[in-house]
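First comes the structure, then the notes that go with it.
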Amino acid sequence: MRKVLHWIESHNYCLVLLYFFFYLAVFTLEEAFLRPIFIIDCPLDDLIPFNSWFIIPYAAWFFLVPSVVGYFMFKSKDEFLDLCFMLFTGMTICLAIYAIFPNGINLREMVTGHDICSRLVVMLRKADTATNVCPSIHVFATLGVMVSVLRSPLFDHKKLLKSFIVVLSVLICLSTVFLKQHSVVDVFCGIALTFIMYHFTYNCNWRRRAVKTPMRAIL
């Protein structure tokens, strides 16, 4: 335990991960108390069939995002902070949008299958309501870690791993609509948010502004 505390003390930039406590608290409150005023849908949603097998890549999100964040945390302080800035700022924007424009979907039909994937989808829907969907955080965070991997020198000689992450990221984004967790609109809004946050993260020197805040201690 003492070694762990010493490591955290000497790598204090890792404390930015405490953001997740804020995110989970706010998201849980929004899930419990916000009721959708704006229903998100588009004609393309009706053309996409439900497929319970997409629960596999959808669930892989919970492995992909922490794994990439954790990898950069141990391997590259600068890339770790860039990724955290992009993800955490974008996720906070999503939370603000949900609060100002409460939204949801009416795309979910009853799951009639009894296979393991169908059962997992039922469990997912109990935990994740059909509210607070646009932009899709699932899509935004997936693409955020994907672009951080693609631009990282740490992955220059890991072409197979990069290809795997790209394919998995695409499948995760597709899974959101094939499981009827999101509308196509949510996906495109998540993609747009990724482009915006990528620009601010890597082209606008966010550190220059951050040094004027309490964050300067970890930069």
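The values are calculated or read from the model by the stated rules, or taken from the named source; none is laboratory data. No experiment lies behind these values; they were computed from the predicted model shown. Please note: Cβ atoms are built from the backbone with ideal geometry, for glycine as well, and neighbour counts cover all protein chains shown.
Looking at Ile55, Ile37, Ile48, just one residue is among the β-branched types (Val, Ile, Thr) and within 16 Å of Val187 (Cβ to Cβ), and that residue is Ile48.
The residues on offer are Leu64, Leu18, and the sole one that is part of a helix (DSSP H, G or I), at pLDDT below 95 and either over 25 Å from Val177 (Cα atoms) or of a type outside the set (Ser, Thr, Tyr) (or both) is Leu18. Checking each residue in the range 140-157 for being more than 17 Å from Phe74 (Cα to Cα) and not in a helix (DSSP H, G or I) picks out Asp156, His157.
Consider the range 117-131. How many of its residues are touching a Lys or Arg at 6+ places or on another chain (Cβ under 8 Å) and not hydroxyl-bearing (Ser, Thr, Tyr)? Final tally of qualifying residues: 2. Hey, Thr92 hits all of (1) farther than 17 Å from Leu17 by Cα; (2) out of contact with any strand residue (DSSP E or B) (no Cβ under 9 Å at 6 or more places or on another chain); (3) not aliphatic (A, V, I, L, M) but one; which does it fall short on? For Thr92, the exception is condition (1).
Number of residues in the range 125-162 that are over 30 Å from Ala99 (Cβ atoms) and in contact with a helix residue (DSSP H, G or I) (Cβ under 7 Å, 6 or more places away or on another chain) equals 7.
With respect to the conditions (1) crowded, with 20+ Cβ neighbours inside 10 Å; (2) assigned to a helix (DSSP H, G or I); (3) of a type outside the set (A, V, I, L, M); (4) without any contact (Cβ under 8 Å) to a residue 60 or more places away in the chain, Ser175 falls short on a single one, namely (4). In the set Glu31, Glu109, Glu79, only one residue is part of a helix (DSSP H, G or I), exposed (fewer than 15 other Cβ atoms within 10 Å of the Cβ), touching a residue at least 40 places away in the same chain (Cβ under 8 Å) and among the charged types (D, E, K, R); that residue is Glu31. With the requirement that a residue be more than 19 Å from Ala60 (Cα to Cα) and either in contact with a Lys or Arg (Cβ under 8 Å, 6 or more places away or on another chain) or of a type outside the set (A, V, I, L, M, F, W, C) (or both), what does the range 132-164 give you? Asn132, Pro135, Arg151, Ser152, Pro153, Leu154, Phe155, Asp156, His157, Lys158, Lys159, listed by residue number.
Go through the residues of the range 136-152 one by one and say whether even a single one is out of contact with any Pro (no Cβ under 8 Å at 6 or more places or on another chain), among the basic types (Lys, Arg), surrounded by fewer than 16 Cβ atoms within 10 Å (Cβ to Cβ) and touching a residue at least 12 places away in the same chain (Cβ under 8 Å). Yes: one or more hits. Evaluate the range 37-44: report whether one residue or more is modelled with pLDDT of 95 or more, surrounded by fewer than 19 Cβ atoms within 10 Å (Cβ to Cβ), within 19 Å of Leu168 (Cα to Cα) and among the aromatic types (Phe, Trp, Tyr). No: the range 37-44 contains no residue that is modelled with pLDDT of 95 or more, surrounded by fewer than 19 Cβ atoms within 10 Å (Cβ to Cβ), within 19 Å of Leu168 (Cα to Cα) and among the aromatic types (Phe, Trp, Tyr). Kindly evaluate Gly104 against the criterion of being surrounded by 13 or more Cβ atoms within 10 Å (Cβ to Cβ), touching a Pro at 6+ places or on another chain (Cβ under 6 Å), under 21 Å from Leu24 (Cα atoms) and modelled with pLDDT of 95 or more. For Gly104, the condition - surrounded by 13 or more Cβ atoms within 10 Å (Cβ to Cβ), touching a Pro at 6+ places or on another chain (Cβ under 6 Å), under 21 Å from Leu24 (Cα atoms) and modelled with pLDDT of 95 or more - is met. One residue alone among Lys162, Lys212 is modelled with pLDDT under 95 and charged (D, E, K, R), and that residue is Lys212.
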